[in-house]
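Here is the structure we will look at, set down as structure tokens.
What follows is calculated from the coordinates using simple rules that are stated; it is not laboratory data. Treat the numbers as computed from the prediction; the structure is a model and nothing was measured. Backbone-built Cβ (ideal geometry, glycine too); neighbour counts: all protein chains shown.
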Amino acid sequence: MTTESPTTEIAPTQSRPRPARSVLIAQAAFLLLGLYVLYGSLELGLWTTLGPGAGLFPFAMGAVLTLMSLIWVVQEQHAPSTPREEVELSQIAAVIGSLLVLATVLPFLGFQIALLLFLMYHLRIRARLGWVKSLIISVAGSVGVFYLFTLGLKVSLPVASIPPFSLIGL
Amino acid sequence: MDVLNDLMGGFATALTWQNLLFAFIGCLLGTMIGVLPGIGPVAGVALLIPLTLNMDATGSIIMLCAIFYGTTYGGTITSVLLNTPGEAASAVTTFDGYAMTKLGRAGAALTIAAVGSFVGGSIATVGLVAAAKPLGELGLLVGPPEFFALVTVGITLLVALAGRSIVRALISGSLGLLIAMVGIDPVAGAPRFTFGSERLLDGVSFVAVIVGVFGLSEILAYRAGKTPDAIHAPNLRSLLPNRTEWRRSAPAMARGTGIGFGLGLIPGMTGSVSSLLSYGAERKFSRYRSELGHGAVEGVAGPETANNAHANGALIPLFTLGIPASPTIAVLMGAFLQQGLTPGPTLFAENSEIAWAIIASLFIGNVLLIILNVPLVGLWTSILKVPYPILAALILLFMVIGAYTIHFTVFDVFVMIAFGVLGLAMRHLDIPLAPMVLTLVLGPLMERSLRESLEISQGSFEVFYTRPITATLLVIALVIVCSPLLKLRKPKVLANDDPES
């Protein structure tokens, strides 16, 4: 892809710092997205007999995205930036993982059980809070919040849809 | 006296006990969001939008506005006591605010900040009252081409000021616009970029996107081991500033009000720009400038006043032209739209009662906040003592509820998670988040005005350079975008990262 051309420019012997891998991946992703949008907007039609078509504005935006990603690629080859400080992978994995599980089981287990387990995981296992404190906060955050929202704020939250729990209306 | 009558009518609505309660809850929540480290004003307001959907329009907007300016108060507390800004606009307050804490004048700094915020906020609201009618009438003259040009200027200004690289800011801006494109095209009715999914026909919910990008990514980016210093809540007696401190902060507050209010009117300026420039003004004009950085009270009074004058002043372009000036206001605008209110010149014509009630509530909110903040400092500092993992778990709980209740489906929870990862990646790559929020909310409006303009001119782009106002604005936007090429440097005070992004 177009990413290749600038690399040849900085071939000279000086050992310049090279762009970080995460930056390269991001640049490729933005470029691909931009090209996809350009293609998609052409499909939608830039212009109709009535005037501007559905694809005109996305086309312009896809063009901006592609162009800027290209400039970024060039900039990065000349003067690689240092990405921000490293992130903590365990934190990310735990939060994303638990949220994905939560969102998946929410319709089945209902808000109260799912959130009770979610909060217990974060408080008892991750934050290493004592059992009593963890339980109190988790119950308040699941059962308590459920009733606060459904009764107090009239905002309905999901209830369990599978037998043992749905029978008792959790 | 028409305006006064309208305003009095607004007060009558805003002073009913429900609306007072909403304003009170909003102020409380806003201050808390400002104090909490893991959640800023943008995500905070976005999170609470779904909860207000079942409330009446006036009450919900009053509450969200109160949250919005409450955060500017709350952010000060951590800046002064902990040397870590709770939210971006109060970052400069750390210089002198924390220095004052080390000198044992934390209480005085907090009181001066609260009073300054009150002064700035109230004067800016008076400005809003005065400007609402005339500007609203002017706003009615703004056609689609002018609207498009104004929005473009706002976005480019934010892009130019956010972050270090204009290229990356533009990437962020175009991403926001592209996310806004997903769904049914507003003019022709064709589905765009829905990948065949029925759920995406309505578009990607902006609340889920913002909560993910701003809120969740913040929690994901947290690294353990950054234990804050011990916090000491100042006792009540030390809360009172002495006479010299009052005298010295008055001129700083006056300057801060001017700067904040003036910049608040310009689309694309964020509160942090105001507080930074106000600090710059103190460094130039204050009689005690040599003490700045070593605990000078001006360094707290000026930026804090500017910050709140900005927050209230920034509501003027929203109310009169329908253009949000900063990311937080863009989210607020999203709330207006969800309630079926269209901010802009027609707001005063069609929903004048609601508009005036909201304006009146701004005065009430400013009073509430000063009452809440000064004596309750102890309560706010005790929130800071709660260990971060517990706070994070509870914030996650509310994020899930917020995302779920937009359309009552877990699909939006997944959307939020996905955008949380995107936000984390953007933070890691130093791509500013602020332009994305603004374009996300403004995208549909921008596209509509572009296409309407082209329909007026029957498909000719002439309409953008034959109308003088439109042409001037677009030239300004072009100059702003090209400023790095033209070697125009941004002011030195703004050179560091705009932390609101």
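Working note: Debye formula, equal point scatterers on the alpha-carbon atoms of segment A:89-167, no solvent; log10 I(q)/I(0) at q = 0.26 Å⁻¹ is -1.19. Scanning chain B for GluC sites (Glu not before Pro) that sit in a DSSP loop and have at most 14 other Cβ atoms within 10 Å, the longest stretch containing none of them is B:199-461. A full extension of the chain between B:Ala12 and B:Thr84 corresponds to an added length of 21.9 nm, given 0.36 nm per residue minus the alpha carbon distance. Given +1 at the Cβ of Lys and Arg, -1 at the Cβ of Asp and Glu and no other charges, the dipole of segment B:251-405 around its Cα centre is 420 debye to the nearest 20.
If only the Cβ of Lys and Arg carry +1 and only the Cβ of Asp and Glu carry -1, the dipole of chain B around its Cα centre is close to 1740 debye. If you take the alpha carbon atoms of the protein assembly as shown and fit the smallest convex hull around them, that volume is 173 Å³ per residue.
The trypsin sites (Lys or Arg not before Pro) of segment A:65-129 meeting both criteria, a DSSP state outside H, G, I, E and B (loop) and at most 16 other C-beta atoms within 10 angstrom of the site's C-beta, are A:Arg84, A:Arg128. Pairs of Lys residues in the protein assembly as shown are counted when their Cα atoms are under 21 angstrom apart and they lie 8 or more places apart or on different chains; the count is 6.
At an R0 of 41 angstrom, the distance between the Cβ atoms of B:Ser197 and B:Lys102 translates into a FRET efficiency of 0.15. Candidates B:Gln458, B:Val437, B:Gly420 compared by Cα position along the dipole of the protein assembly as shown: farthest toward the positive end lies B:Gly420, with charges placed on Cβ.
Measuring max minus min along each principal axis, the C-alpha atoms of segment B:2-494 give extents of 68, 53, 46 Å (largest first).
For A:Lys154 and A:Thr104, the difference between the fully extended length at 0.36 nm per residue and the C-alpha to C-alpha distance is 15.6 nm.
Rounded to the nearest 20 debye, the dipole size of the protein assembly as shown about its Cα centre is 1960 debye, using +1 on the Cβ of Lys and Arg and -1 on the Cβ of Asp and Glu. Take each residue in A:35-45, count the other chain C-beta atoms within 10 Å of its C-beta, and the mean is 2. Working from the Cα coordinates of segment B:55-181, the gyration tensor eigenvalues give, after taking √(5λ), semi-axes of 33, 23, 15 Å in decreasing order.
Structural descriptor for segment A:85-169: relative contact order 34 percent, calculated from alpha carbon pairs under 8 angstrom and at least 6 residues apart. Restricting things to alpha carbons, find the Rg to Rh ratio for segment B:310-465 using the Kirkwood radius for Rh. Taking Rg over the Kirkwood Rh, I get 1.04. Sequence gap at least 6, Cα distance under 8 Å: using those rules, report the relative contact order of segment B:18-89 to the nearest whole percent. It comes to 44 percent, rounded to a whole number. Given an 8 Å cut-off on Cα distances and at least 6 residues of separation, report the relative contact order of chain B as a percent. Computed over chain B, the figure is 29 percent. Ellipticity at 222 nm from helices only: DSSP H runs of n ≥ 4 in chain B, each -39500 (n - 2.57), divided by the residue count, give -22500 deg cm²/dmol. Note on segment B:2-494: dipole from Cβ charges, positive end direction compared against B:Thr156, B:Phe285, B:Gly268; the farthest Cα belongs to B:Phe285. The mean number of Cβ atoms from other chains found within 10 Å of a Cβ in peptide B:473-484 is 0, as a whole number.
The length gained on full extension between B:Arg223 and B:Ile476, counted as 0.36 nm times the residue separation minus their Cα-Cα distance, comes to 86.9 nm.
Counting Cβ atoms of other protein chains within 10 Å of each residue's Cβ and taking the mean over peptide B:384-396 gives 4.
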